[in-house]
Amino acid sequence: MAECRAKDEQRKKWATAYWVACLMSVHTRKPVRTEKLMKPFLPKKTSSEIVAERDAFFEEFRRKGGDGNGNHR
């Protein structure tokens, strides 16, 4: 139940950040990114999580048929 509540709060923060970014982008030269507004609220990834995510990405890439030579046609 606590996990569900935390996800709901995170979803509300993303929605608020989206609308704030829309309002701020009207008044700035460069568009304001929602991710940039949410950065302080996102949990930090550990080095082991980063390595696991990278390995999973490359494993999926290999399964889809990347030949390693840059010829992906």
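Rule-based calculations on the coordinates, nothing more; no lab input. Just so it is clear, the model here is predicted, and its values are computed rather than measured.
Some points to look at:
- Cross-link reach list, lysines versus Lys45, counting only Cα pairs under 22 Å and skipping chain neighbours closer than eight places: Lys7, Lys12, Lys13, Lys36
- If the segment from Lys64 to Ile50 were pulled out straight at 0.36 nm per residue, it would be longer than the present Cα-Cα gap by 2.9 nm.
- Here the Karplus relation 6.51 cos²θ - 1.76 cosθ + 1.60, evaluated at θ = phi - 60°, turns the backbone of the stretch 50-58 into coupling constants of 5, 5, 5, 5, 5, 5, 5, 4, 5 Hz, with x for every Gly and Pro.
- Amide H contacts under 5 Å for Val32: Ser25, restricted to partners 5 or more places along the chain or on a different chain, H placed in the peptide plane at 1.01 Å from N.
- Extension gain for Phe41 to Ser25 (0.36 nm times residue separation, less C-alpha to C-alpha distance): 3.7 nm.
- Between 0 and 90°, nearest 10: helix 2-25 axis offset from the chain longest Cα axis: 80
- Only helices enter the 222 nm calculation for the chain: every DSSP H run of n ≥ 4 contributes -39,500 (n - 2.57), and dividing by all residues gives -20500 deg cm²/dmol, rounded to 500.
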